[in-house]
Amino acid sequence: MVSAGIRRGRTAESLDLRGDPDASHMKHRYRDGLRLGHQGMNTPSRHVRPVLLLLLAACSSASSRNLFGDDASANDSSGAVDHLDAGDAHRASSEREASPCDDTSVDLSVVDYFTGHPIAGVTSAIDGFSPGTSPFCLGPGVHPIRIQASGYAAYNGAIQLPGGATSRTVRLFPVTSSVAAWVALVNSDRQSNGAPAVQLDTGLMIAAWDHAVDMGVQGYFAHFDPHGFSPTTRSLLLGSMMAGWENIAAGAPSYEAAEAAFMSEKTNLPNQSPSDCAKNYGLAGHYCDIVATSHTSLGLAIASVPGSPWTTYYDQELGDLYGYFDTTVIRPEPLVTASASLTLVPATGETFVYEYAQTMPAPLPIAIATLNADPECSSMCPPGDAWYPMGNTPISYTGVKPYTPMLTASDITFVGLTTNVKTFFGDSALAGFWGGGTVMPDSYGAASKAYLVP
């Protein structure tokens, strides 16, 4: 992290890279008045204000996931990979053939995230099939759903019956031309490094956008926010169910400059190859996050906040979709007395390994000055603030079954699912609930549209 004089006075020509949030991986160095995370890199620019870059390394334990679990490109022009396979063993596809609604009628509306206005030209698939015009009929079970519309990031989620809402509204996040171009650049970088394309995901877009705006409005630059949420808890409470990795930058003149800075860390690796990332992640965390082959989904945000310390903020969330659950069964911030049975199911092509539950103390507020001095919360943040829950209590070893969490005001409860593809905590599906919580990160709403970069 840049020293106080350099950062606040903007007197240095510098690029600031911050590394793995796990303090054990941090190797800070000073060079020419600049503090670098990882080994970082120094890219002088004589006529541009300093650029800040910061990454979250999910490694095998820290994940940022979105309750929506969405995953798609703005217009499906980037090689979309549809996760809803008609042959999925976990979907009751035969229910689709019943024409009369002798099961449960579900009414679904799709609106713009900022305006709340209905979106035209929406297409959807439930259990891999088009359900036709809403309302539609569904039988008991957990039904994956994918919703798309031109100019929006797609939504992937699930409808659980019984238990889930039978009337619901899905908000799709709009994609600006700048973000669409950034997606193409990310996929070009991935392709040149042997990784498949990723798609824009509404849930990850919301997590990226909220954090980018929050950093600008409140004047900080860190993965943790002033409420005490890490990227993991923040995204989960916003609705994520994906494993995810977060890279952020501030002060860069463009998304191209931010992406170039992330990718240039490749030169720090012994063989300058993605294969180096497993053992040398700390040398090139931003680069390794971008080119990881497991990623399927992406959230991007470019927020311009006039009068803020760095004016323009960039947030990049990369995610992996391994399972589904219905976000309406238990809302992210339920009452302590809430009780409901939640079922998670593996994604298409994957099989169940086991389900587990974890808890983590509710975070404590963090001062802006502390965030700027300790962006990874490695030493100065309150003891209650953590990157992710530790340990787990298995719910089932033999198959998917409902779980009814015991919610308290002092803990955040996490429900996780591991599959044959990802069999450890960091890369499994997660649901997060804070019983009696009073603060949610998605606090800007429609008003934040003023910060969108075209």
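The values are calculated or read from the model by the stated rules, or taken from the named source; none is laboratory data. Since we're looking at a predicted model, the values are computed, not measured. Cβ: placed from backbone, ideal geometry, glycine included. Neighbour counts: every protein chain shown. To get the accessible areas, we keep the full protein, side chains included, count just its heavy atoms, and leave off ligands, DNA and RNA. Shrake-Rupley method; radii C 1.70, N 1.55, O 1.52, S 1.80 Å.
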Checklist outcome for this item: Selection over segment 267-282 where residues are touching a residue at least 40 places away in the same chain (Cβ under 8 Å) and crowded, with 19+ Cβ neighbours inside 10 Å yields a count of 4
Checklist entry - Which pairs have Cβ atoms under 8 Å, sit 6 or more apart or on different chains, and link a residue in segment 150-161 that is closer than 11 Å to Asp201 by Cα and modelled with pLDDT of 95 or more to one that is of a type in the set (Gly, Ala, Ser) and open to solvent by 10 Å² or more (accessible area, probe 1.4 Å)? => result Tyr152/Ala74; Ala153/Ala74
Next on the checklist: Within segment 239-252, does at least one residue satisfy the condition of being touching a helix residue (DSSP H, G or I) at 6+ places or on another chain (Cβ under 9 Å), under 30 Å from Ala158 (Cα atoms), hydroxyl-bearing (Ser, Thr, Tyr) and open to solvent by less than 10 Å² (accessible area, probe 1.4 Å)?
Outcome noted: yes
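Hey, among the residues in segment 294-315 that are among the polar types (S, T, N, Q), out of contact with any Asp or Glu (no Cβ under 7 Å at 6 or more places or on another chain) and assigned to a strand (DSSP E or B), which one's least open to solvent (accessible area, probe 1.4 Å)?
First, pick out the residues of segment 294-315 that are among the polar types (S, T, N, Q): 294, 296-297, 304, 308, 311-312.
Now drop any that are not out of contact with any Asp or Glu (no Cβ under 7 Å at 6 or more places or on another chain), which leaves 304, 308, 311-312.
If we keep only those that are assigned to a strand (DSSP E or B) as well, we get 304, 312.
On the way: Ser304: 37, Thr312: 21 Å².
The extreme case among them is Thr312.
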Checklist entry - Which of the following residues is surrounded by fewer than 17 Cβ atoms within 10 Å (Cβ to Cβ) and either under 30 Å from Ile126 (Cα atoms) or aromatic (Phe, Trp, Tyr) (or both): Thr398, Thr419? => result Thr398
Item to check | Of all residues making up segment 380-393, the number that are surrounded by 12 or more Cβ atoms within 10 Å (Cβ to Cβ) and within 24 Å of Thr351 (Cβ to Cβ) | outcome: 1
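Residue under question is Phe262, and the condition is that it be crowded, with 24+ Cβ neighbours inside 10 Å, in contact with a helix residue (DSSP H, G or I) (Cβ under 9 Å, 6 or more places away or on another chain), over 15 Å from Leu300 (Cβ atoms) and not β-branched (Val, Ile, Thr); does it hold? Explain how you work it out, then say what you get.
Working: crowded, with 24+ Cβ neighbours inside 10 Å: yes; in contact with a helix residue (DSSP H, G or I) (Cβ under 9 Å, 6 or more places away or on another chain): yes; over 15 Å from Leu300 (Cβ atoms): no; not β-branched (Val, Ile, Thr): yes.
No, not satisfied.
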Item to check | Number of the condition not met by Thr438 [criteria: (1) modelled with pLDDT under 75; (2) open to solvent by less than 70 Å² (accessible area, probe 1.4 Å); (3) at negative phi] | outcome: (2)
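Restricting attention to segment 196-250, report how many residues are of a type in the set (Ser, Thr, Tyr) and over 23 Å from Ala429 (Cα atoms). Reasoning before the result, please.
The initial filter retains those residues of segment 196-250 that are of a type in the set (Ser, Thr, Tyr), namely 202, 220, 230, 232-233, 235, 240.
Of the ones still in play, those that are also over 23 Å from Ala429 (Cα atoms) are 220.
Within segment 196-250, residues that are of a type in the set (Ser, Thr, Tyr) and over 23 Å from Ala429 (Cα atoms) number 1.
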Checklist entry - Between residues in segment 342-365 that are over 16 Å from Pro389 (Cβ atoms) and residues that are of a type in the set (Phe, Trp, Tyr) and at pLDDT below 85, which pairs lie under 6 Å by C-beta distance while being six or more apart or on different chains? => result Ala347/Tyr322
Next on the checklist: Pairs please, first residue from segment 388-407 and touching a residue at least 12 places away in the same chain (Cβ under 8 Å), second anywhere and charged (D, E, K, R) and in a loop (DSSP other than H, G, I, E, B), Cβ atoms under 8 Å, 6+ apart in sequence or on different chains.
Outcome noted: Ile395/Lys401
Checklist entry - Can we say Asp225 is over 28 Å from Asn156 (Cα atoms), open to solvent by less than 40 Å² (accessible area, probe 1.4 Å) and either at pLDDT 95 or above or not aromatic (Phe, Trp, Tyr) (or both)? => result no
